[in-house]
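Presented below is the structure to which this report refers.
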Amino acid sequence: MVETHGGPTVAEQAVIWRRLVGARIRADWQYRTSFITFMVSQFVAGFLDIVAIVILFSNVDRLAGWSVAEVALLYGTSNLSFALSDVFVSEAEFAAHHIRAGSFDRFLLRPVGPLLLLCGQEFALRRAGKVVQSVLVLAVALTQVPVDWDLPKAAMVVTMVAVGFVIFGGLWVLTSSIAFWAVEAREVANSVTYGGNFVTHYPLEIFSGWLRRLVTVVPLAFVSYQPTLWVLGRRDPHGSPAWFAFAGPLVALATVLVARAVWFSGIRHYRSTGS
């Protein structure tokens, strides 16, 4: 959010967010057993997807020309991006609950952006179990893929994670904004966020033509698939231009701008439930 008439600056809003997050962490930590149990369950449950990949490769040597280590690289980068956005941005989906309950009004009465307040108030550090799991898988994958690592390729991996985080975060805000027009639309939103995360775990060659085109438009193909092709020294078998590998930051920016426009459009059209 930018500074508005007499409102807090960006730096001041960042301080407010940190205080909200700190308060939420302290509150959750009052129930230590629940906190730790949930985080461990997130860590363990995260391995179910990678176990499915390993089982798949127990029946085939390569998947559409990709080895298990290469698919693990796709999984590690995209899942880490998703896990980070789950921790820091997914709280936007609680907008539907507050709109339905009539409590969203209080987010509009504060001198801080409602999205920032929502993400701070609903912050849940216990979701970080997925982040740890993704880091472990990615670390192993990086040592197993047939890549001669240098600074540009290492930088590309870091960029992939950052770009993926922004894209998934933008999609979370964008799909959560549906609640301003259709409150009972969480399943649609989840099909884009959680379903989109699942698609990014695998090379696009295994999907049908219409789904590949949809993933490019959404634009999940730029989370990990396109840059991973460049890291592995491969060409896109479907003929996408080579510069697609470097288009991630621009795609992420476009995703954020669209999400921001839709979110503020929802805010402008929001009508309180009244008394």
### Message
Test of understanding: among V112, V51, which residue is among the hydrophobic types (A, V, I, L, M, F, W, C) and either within 30 Å of E205 (Cβ to Cβ) or crowded, with 20+ Cβ neighbours inside 10 Å (or both)?
### Response
V51
### Pair list, Cβ under 6 Å, 6 or more apart: the range 44-62 residue free of Cβ contacts under 8 Å to residues at least 40 places away in the same chain, other residue surrounded by 13 or more Cβ atoms within 10 Å (Cβ to Cβ)
F57/V68
### Task
Check every one of the helices (runs of 4 or more DSSP H) wholly within the range 140-227 and list those with 2 or more residues that are buried (at least 20 other Cβ atoms within 10 Å of the Cβ), at negative phi and in contact (Cβ under 8 Å) with a residue 40 or more places away in the chain.
151-176, 186-199
### Query
Which of the residues spanning the range 246-265 are free of Cβ contacts under 8 Å to residues at least 60 places away in the same chain and in contact with a helix residue (DSSP H, G or I) (Cβ under 7 Å, 6 or more places away or on another chain)?
A247
### Query
Just to be sure, is A23 surrounded by 11 or more Cβ atoms within 10 Å (Cβ to Cβ), of a type in the set (A, V, I, L, M) and under 19 Å from R126 (Cβ atoms)?
yes
### Query
Which members of the range 134-157 meet the condition of being within 30 Å of M39 (Cβ to Cβ) and of a type in the set (G, A, S)?
S134, A139, A141, A154
### Query
Do we find that S90 is under 22 Å from A182 (Cα atoms) and either buried (at least 17 other Cβ atoms within 10 Å of the Cβ) or at pLDDT 90 or above (or both) in this structure?
yes
### Summary
Taking the range 99-129 and keeping only residues that are part of a loop (DSSP other than H, G, I, E, B) and among the aromatic types (F, W, Y), one is left with F104, F123
### Summary
Matching residues in the range 104-138 (free of Cβ contacts under 8 Å to residues at least 12 places away in the same chain and over 30 Å from T9 (Cβ atoms)) number 1
### Message
Every residue in the range 175-192 that is touching an Asp or Glu at 6+ places or on another chain (Cβ under 8 Å) and at pLDDT below 85, please.
### Response
R186, A189
### Task
Please give the number of the condition G239 fails out of (1) assigned to a loop (DSSP other than H, G, I, E, B); (2) surrounded by 12 or more Cβ atoms within 10 Å (Cβ to Cβ).
(2)
### Task
Taking A64 as meeting all but one of (1) of a type outside the set (K, R); (2) surrounded by fewer than 17 Cβ atoms within 10 Å (Cβ to Cβ); (3) closer than 21 Å to F88 by Cα, write down the number of the exception.
(3)
### Filter result (more than 18 Å from the chain's Cα centre (by Cα), farther than 15 Å from L204 by Cβ and not in a loop (DSSP other than H, G, I, E, B)) within the range 55-89
I55, L56, F57, V68, A69
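The values are calculated or read from the model by the stated rules, or taken from the named source; none is laboratory data. Everything quoted here is computed from the prediction, not taken from an experiment. Reconstructed Cβ throughout: ideal geometry from the backbone, glycine too, with neighbour counts over all protein chains shown.
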